[in-house]
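Chemist: Quick one: this structure, given as structure tokens, is what I'll be asking you about.
What follows is calculated from the coordinates using simple rules that are stated; it is not laboratory data. Model, not experiment: these values are computed from the prediction. Here Cβ is always computed from backbone atoms with ideal geometry, including for glycine, and neighbour counts include all displayed protein chains.
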Amino acid sequence: MKKLFLRICLILLLSSNLWAQDVNTVKVDVLAKTSLSWDGRDLPDYAKGKPEITILRIKIPKGVQLPLHKHPVINAGVLLKGELTVVTEDNKTLHLKAGDSIVEVVNKWHYGKNEGNKTAEIIVFYAGILDTPITIEKGTSINK
């Protein structure tokens, strides 16, 4: 009985040490690594000029559809919460759920819509050029 108790204690001790190592171990998950946008098109070469990185947290309430727009710069994001559908002008569609990443289409008209039942929240990183808009809405220019 004493040997069984010691074995159990040893197993628990080893397990707790392994668990402790897991807590202190850095873990890296590659969410996206590509030279293509989500619709399969090649990403453009980087533009010349002074780089300007923009990071946005965008919250899209349930039932909301964004206006038709395009991005003249490379951008990518991760959907943190909710669901999001992205549709290009030629009807290519991408459905995202929380945790999914997206490498956006560049210079291609598209819109996003939240067809889910709660607010969608996405973080988007734009690799832009200083004093150049990152988003162009059909008919107007938005620089956020």
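Chemist: For Arg57 paired with Asp131, estimate the spin-label separation in nm (one decimal), with each label point 7 Å from Cα along the Cα-to-Cβ line.
Modeler: Here the modelled spin labels are 3.1 nm apart.
Chemist: Let me ask something additional. In a shell of Cβ-Cβ distance under 14 Å around Gly63, excluding Gly63 itself, what net charge do Lys and Arg (+1) and Asp and Glu (-1) give? Provide the component values of the computation, followed by the final result.
Modeler: Details: positive: Lys59, Lys62, Lys113, Lys118; negative: Glu83, Glu115.
With Lys, Arg at +1 and Asp, Glu at -1, the neighbours total +2.
Chemist: Here is a further query. Using 0.36 nm per residue, how much length does the chain from Val23 to Glu115 gain when fully extended, once their Cα-Cα distance is taken away?
Modeler: Working: separation 92, 0.36 × 92 = 33.12 nm, distance 3.66 nm.
Contour length minus the Cα-Cα distance gives 29.5 nm.
Chemist: With 23 Å as the limit, write out which pairs from Lys118/Lys138; Lys62/Lys97; Lys27/Lys118; Lys50/Lys70; Lys113/Lys138; Lys33/Lys108 have Cα-Cα distances beyond it, or answer none.
Modeler: Details: Lys118/Lys138 27 Å; Lys62/Lys97 13 Å; Lys27/Lys118 30 Å; Lys50/Lys70 21 Å; Lys113/Lys138 16 Å; Lys33/Lys108 20 Å.
Over 23 Å apart, Cα to Cα: Lys118/Lys138; Lys27/Lys118.
Chemist: Also, quick follow-up: What are the radius of gyration and Dmax of the stretch 34-102, computed over its Cα atoms and given in Å?
Modeler: 13.4, 38
Chemist: Moving on. Give me D for the stretch 68-134 in µm² s⁻¹, whole number, from Stokes-Einstein with Rh from the Kirkwood sum over alpha-carbon pairs, 25 °C and 0.890 mPa s.
Modeler: For these conditions, the coefficient is 198 µm²/s.
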